[in-house]
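**Q** I have a structure here, written as structure tokens, and I will follow up with some questions on it.
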Amino acid sequence: MILWLNGAFGAGKTTTATELNRRLPKSFIYDPENVGDFIVNNTNGLFSDGDFQDIPLWREMNYKMLRLIAEKYDGVIIVPMTLVDPGYYGEIIENLISDGIKVKHYILYAQRSEIKRRLEDRSRLFFRDETFALDAIDRCVDAFDNHITDVKIYIDNMSVDEVVEEILRRL
């Protein structure tokens, strides 16, 4: 089974995935960003600008890799990845489902103000430039309000433990 954790940047997908991985036997975290890093790092700067999700090969590689793993692995594959483009969602998640792969897709959903606060906190704590993530807040919230509307877990006032417990309950 694939457990896809979607949500805006800063919603806590990676933190939630780490805790789920700790609690779920026979689970591991698959990070689609590694495919993006591979493409960017091995193409001599051809794809160093923009969002690697816009590279068709990124979507194809992740879809095929997740399908291959899901067909051979009898545990839980946890995928923490923001995916807001409905077409890209179709190319990966809907195609996996069409192939008969069991996919549980949860959106860690928070209000704009909460996401902004989390990203600003993360920027201060880790001395990271969160410009890309901050600029994407409206795009993410709009996508989860209007286009990708699977099961939402409203996380504004929830701890990580509460989010994990809610996901485990729904599984």
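We did not get these values from a lab; they are worked out from the coordinates using the rules stated. Note that the coordinates shown come from a computational prediction; the quantities given were computed from them, not determined experimentally. Don't worry about glycine lacking a Cβ; one is built from the backbone with ideal geometry, like all the others, and counts go over all protein chains shown.
**Q** Consider a paramagnetic label point 7 Å from the Cα of E120 along Cα→Cβ; state which residues of the range 133-148 have an amide N under 14 Å from it.
**A** Zone members listed by number: 134-135.
**Q** Please give, to one decimal in nm, the separation of the simple spin-label points placed at E162 and S113, each 7 Å out from Cα toward the Cβ.
**A** 1.7 nm
**Q** Another question about this same structure. How much length is gained on full extension from M1 to N42, taking 0.36 nm per residue of separation minus their Cα-Cα distance?
**A** Working: separation 41, 0.36 × 41 = 14.76 nm, distance 3.05 nm.
Contour length minus Cα-Cα distance gives 11.7 nm.
**Q** Longer than 19 Å from Cα to Cα, which of K26/K152; K64/K152; K72/K102; K26/K64; K13/K104 are they? Say none if no pair is.
**A** Among K26/K152; K64/K152; K72/K102; K26/K64; K13/K104, the Cα-Cα distance tops 19 Å for K26/K152; K64/K152; K26/K64.
**Q** Of all DSSP beta bridges in the chain, what percent run antiparallel (nearest 5)?
**A** 0 percent
**Q** For the chain, which semi-axes, largest first and in whole Å, follow from the square roots of 5 times the eigenvalues of its Cα gyration tensor? Before the final figure, lay out each step's value.
**A** Numbers: eigenvalues 104, 95, 47 Å².
After scaling each eigenvalue by five and taking roots: 23, 22, 15 Å.
**Q** So how far apart, in nm, are the two label points at R22 and M65 if each is 7 Å from Cα heading toward Cβ?
**A** About 2.5 nm, to one decimal.
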